[in-house]
1. Using the Cα atoms as the points, what is the convex hull volume per residue of the chain in Å³?
2. Quick one: dipole size for the chain, taken about the Cα centre, charges +1 on Lys/Arg Cβ and -1 on Asp/Glu Cβ, in debye to the nearest 20.
3. Find which of Asn70, Gln41, Ile53 sits farthest along the positive direction of the dipole of segment 2-82, computed with +1 on the beta-carbon of Lys and Arg, -1 on that of Asp and Glu, about the Cα centre.
4. In percent, what relative contact order does segment 1-44 have, based on Cα pairs under 8 Å that are 6 or more apart in sequence?
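Computed from the coordinates by the stated procedures, all read-outs in this text should not be read as laboratory data. Keep in mind it's a predicted model, so treat the numbers as computed, not measured. Using ideal geometry, Cβ is built from the backbone for each residue, glycine included, and neighbour counts are taken over all protein chains shown.
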Amino acid sequence: VGILPLTSIRNADFLHNEVPGMHIPDDVRATLSRYQSVADQRAAGVEIAAQMIKKFARRVHGFYIITPRNRADVVAPLISAAV
């Protein structure tokens, strides 16, 4: 299962509206919208991704974590969540 942490509401809206086949649920975009700063939005995106990993860990054989915009610091916490 591929996991792409969302880095901001702008990122989520772009993926949802401009990338064919990508659907970012309304509740996820609403969660990101609650935060003013991009740093807080990024933290929320990482938390959402971590929750997805925990939710599906027992149902799948593994994850591939997609580094958004070459930001390894964004995915580092997810590697711990996936182990």
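1. 92
2. Roughly 260 debye, rounded to the nearest 20.
3. Towards the positive end, the residue furthest out is Ile53.
4. With pairs under 8 Å counted, the relative contact order is 43 percent.
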